[in-house]
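If you scroll down you'll find the structure; I have some questions about it.
The values are calculated or read from the model by the stated rules, or taken from the named source; none is laboratory data. Model, not experiment: these values are computed from the prediction. Cβ placement follows ideal geometry from the backbone for every residue including glycine, while neighbour counts extend to all protein chains displayed.
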Amino acid sequence: MLHTRTTAAERRRDLREKLASGRLLRVPGAINPLSARLIQDTGFDAVYLSGAVLAADLGLPDIGLTTSTEIAARAQQTTRATDLPAIIDADTGFGEPMNAARTVQLMEDAGLAGLHLEDQVNPKRCGHLDGKQVVGREEMTRRLRAAVDARRDPDFLLMARTDARSVEGLPAAIDRAKAYVDAGADAIFPEALADEGEFEAFRAAVDVPLLANLTEFGKGPLLDAATLENLGYNIALYPVTLLRLAMGAVEDGLRTIAAEGTQSPLLPRMQTRSRLYELLDYQAYSAFDSDVFDFRLPPGD
Ligand SMILES: C[C@](O)(C(=O)O)[C@H](CC(=O)O)C(=O)O
Ligand SMILES: [Mg+2]
């Protein structure tokens with residue numbers, strides 16, 4: 001009811017413990033705070049806040065137009081709605097190393113359990129598009145050191161993402177990942193690996209937890225959880241999956257209503273009123289006032 005039952009510190013500890021377990025964590029990207037609650041209810045390990053989703057939610061492309069304060073505000077709304085640890089996509093840190101430092105503190109204050117910073121130049125782009133550019137290794141190392149210095153809770157997870165695979169090739173991406181771990185990164189997100197062999201090579205070369213980005217319609221294979229677990233990966237990320245599902249359903253629904261003049265055929269595909277109320281924990285609000293929840297289901301709902 002109303003809020004989570006856990007503190008941000010407990011959720012960060014939870015993420016650290018889950019990562020230390022060695023099992024694969026499955027982490028979908030939320031599309032809003034309520035979907036974060038659904039991610040929790042359906043048994044996932046953590047929630048992701050995708051830069052692409054946060055931008056799309058504002059009707060913007062994922063090219064670094066959103067600001068750190070904008071995403072921190074959205075993050076805070078989300079961390080209030082779930083007891084799962086939440087990890088946010090902090091893009092390039094939104095500027096210079098000092099901006100990355102401020103970003104870390106804003107995200108800590110928003111109750112998140114961790115974030116990732118990538119080595120792209122500004123303006124950044126989706127990691128699965130062509131024509132990406134990466135900053136020099138030294139510059140990314142400075143970005144990460146600034147983030148590490150700014151962190152106040154040692155359990156806050158700082159993950160480094162390298163976009164170098166499609167720019168400089170696999171060996172350079174692996175070398176960068178090692179340098180980023182030396183600079184203090186707790187985990188690595190190797191972006192846009194091409195095949196299972198590359199996932200394996202990364203795992204063999206890097207000792208810290210690794211994230212597999214399972215974004216659809218991208219450059220990489222959609223490896224299943226059992227395969228990733230066998231490969232020794234720690235996080236299976238489904239960053240934009242819920243947005244794509246929801247927007248697909250919304251568009252189909254709009255076309256049906258426009259064509260048929262009624263939403264009736266769509267009812268079996270909708271979340272029912274009672275399920276929505278259950279998710280919102282409506283009934284529990286009667287503890288404050290017995291009049292607020294006076295809802296009887298019509299037969300058959
Ligand atoms: C993971 C990602 O950074 C995101 O913002 O969700 C994107 C996902 C996507 O655009 O499909 C990325 O891989 O760059
Ligand atoms: Mg992103």
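Please find, within region 43-58, the residue that is nearest to ligand 1 (Cβ to nearest atom) out of those that are part of a helix (DSSP H, G or I) and touching a helix residue (DSSP H, G or I) at 6+ places or on another chain (Cβ under 7 Å).
The first filter runs over region 43-58 and keeps only residues part of a helix (DSSP H, G or I), leaving 51-57.
Then keep just the ones that are touching a helix residue (DSSP H, G or I) at 6+ places or on another chain (Cβ under 7 Å); that gives 53-54, 56.
Working: Val53: 6, Leu54: 8, Ala56: 9 Å.
Result: Val53.
Among the numbered criteria (1) within 21 Å of the chain's Cα centre (by Cα); (2) without any contact (Cβ under 8 Å) to a residue 24 or more places away in the chain, which one does Gly131 miss?
(1)
Is it the case that Leu54 is without any contact (Cβ under 8 Å) to a residue 60 or more places away in the chain and in contact with a strand residue (DSSP E or B) (Cβ under 9 Å, 6 or more places away or on another chain)?
Details: without any contact (Cβ under 8 Å) to a residue 60 or more places away in the chain: yes; in contact with a strand residue (DSSP E or B) (Cβ under 9 Å, 6 or more places away or on another chain): yes.
Criteria met by Leu54.
Let me ask something else about it. Condition (residue is within 14 Å of ligand 1 (Cβ to nearest atom), among the small types (Gly, Ala, Ser) and under 26 Å from Glu216 (Cα atoms)) applied to region 103-113: is it met by at least one residue? Spell out how you get there, then give the answer.
Initial filter on region 103-113 (within 14 Å of ligand 1 (Cβ to nearest atom)): none.
Within region 103-113, none of the residues are within 14 Å of ligand 1 (Cβ to nearest atom), among the small types (Gly, Ala, Ser) and under 26 Å from Glu216 (Cα atoms).
How many of the residues in region 213-225 are within 15 Å of ligand 2 (Cβ to nearest atom) and buried (at least 16 other Cβ atoms within 10 Å of the Cβ)? Reasoning before the result, please.
Initial filter on region 213-225 (within 15 Å of ligand 2 (Cβ to nearest atom)): 213-220.
Next, from what is left, pick out any that are buried (at least 16 other Cβ atoms within 10 Å of the Cβ): 213-215, 218-220.
Number of matching residues: 6.
Right, next: Select from region 174-199 the residues that are under 22 Å from the mean Cα position of the chain (by Cα) and within 21 Å of Lys124 (Cβ to Cβ) and list them in ascending order.
Ala177, Tyr180, Ala185, Ala187, Ile188, Phe189, Pro190, Glu191, Ala192, Leu193, Ala194
Quick test for you: out of Ala150, Ala160, Ala201, pick the one residue that is within 16 Å of ligand 2 (Cβ to nearest atom) and touching a helix residue (DSSP H, G or I) at 6+ places or on another chain (Cβ under 9 Å). Explain how you work it out, then say what you get.
Numbers: Ala150 fails: within 16 Å of ligand 2 (Cβ to nearest atom); Ala201 fails: within 16 Å of ligand 2 (Cβ to nearest atom).
On inspection, the qualifying residue turns out to be Ala160.
Listed here are the residues, each with its yes/no results for (1) at pLDDT 95 or above; (2) surrounded by 12 or more Cβ atoms within 10 Å (Cβ to Cβ).
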| residue | (1), (2) |
| --- | --- |
| Thr227 | yes, yes |
| Gly232 | yes, yes |
| Leu243 | yes, yes |
| Ile257 | yes, yes |
| Thr262 | yes, no |
| Leu266 | yes, yes |
| Ser274 | no, yes |
| Asp289 | no, no |
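Something else: Of all residues in region 15-33, which are under 28 Å from Glu216 (Cα atoms) and either surrounded by fewer than 17 Cβ atoms within 10 Å (Cβ to Cβ) or more than 15 Å from the chain's Cα centre (by Cα) (or both)?
We begin by selecting, within region 15-33, every residue under 28 Å from Glu216 (Cα atoms); these are 15-16, 18-33.
Scanning region 15-33 gives Arg16, Lys18, Leu19, Ala20, Ser21, Gly22, Arg23, Leu24.
Ok, one more. Determine which member of the set Ala72, Ala55 is modelled with pLDDT of 95 or more, surrounded by fewer than 24 Cβ atoms within 10 Å (Cβ to Cβ) and within 11 Å of ligand 2 (Cβ to nearest atom).
Numbers: Ala72 fails: within 11 Å of ligand 2 (Cβ to nearest atom).
It is Ala55.
Could you tell me which numbered condition Val250 fails, if it satisfies all but one of (1) surrounded by fewer than 13 Cβ atoms within 10 Å (Cβ to Cβ); (2) of a type outside the set (Lys, Arg); (3) under 27 Å from Gly131 (Cβ atoms)?
(3)
Which residues, taken from region 1-13, are within 27 Å of Tyr282 (Cβ to Cβ) and assigned to a helix (DSSP H, G or I)?
Kept after step one, since they are within 27 Å of Tyr282 (Cβ to Cβ), are these residues of region 1-13: 1-8, 10-11.
Those that are within 27 Å of Tyr282 (Cβ to Cβ) and assigned to a helix (DSSP H, G or I): Ala8, Glu10, Arg11.
Test each condition in (1) crowded, with 17+ Cβ neighbours inside 10 Å; (2) of a type in the set (Asp, Glu); (3) more than 25 Å from Arg125 (Cβ to Cβ) for Asp41 and report the one that comes out false.
So the condition that Asp41 fails would be (1).
How about region 256-277: which of its residues are of a type in the set (D, E, K, R) and either over 30 Å from the mean Cα position of the chain (by Cα) or over 29 Å from Gly51 (Cα atoms) (or both)? Talk me through it step by step, then tell me what you get.
First, pick out the residues of region 256-277 that are of a type in the set (D, E, K, R): 260, 269, 273, 275.
The answer is Glu260, Arg273.
Of all residues in region 89-144 being of a type in the set (Val, Ile, Thr) and away from ligand 2 (no atom under 15 Å from the Cβ), which is surrounded by the fewest Cβ atoms within 10 Å (Cβ to Cβ)?
Taking region 89-144 and keeping what is of a type in the set (Val, Ile, Thr), we get 92, 103-104, 121, 134-135, 141.
This time we only want the ones that are away from ligand 2 (no atom under 15 Å from the Cβ), so: 104, 135, 141.
On the way: Val104: 26, Val135: 17, Thr141: 21.
Looking at residues that are of a type in the set (Val, Ile, Thr) and away from ligand 2 (no atom under 15 Å from the Cβ), I get Val135.
Can you pull out every residue in region 65-91 that is more than 28 Å from Gly22 (Cα to Cα) and away from ligand 1 (no atom under 11 Å from the Cβ)?
Kept after step one, since they are more than 28 Å from Gly22 (Cα to Cα), are these residues of region 65-91: 65-74, 76-77.
Result: Leu65, Thr67, Ser68, Thr69, Glu70, Ala72, Ala73, Arg74, Gln76, Gln77.
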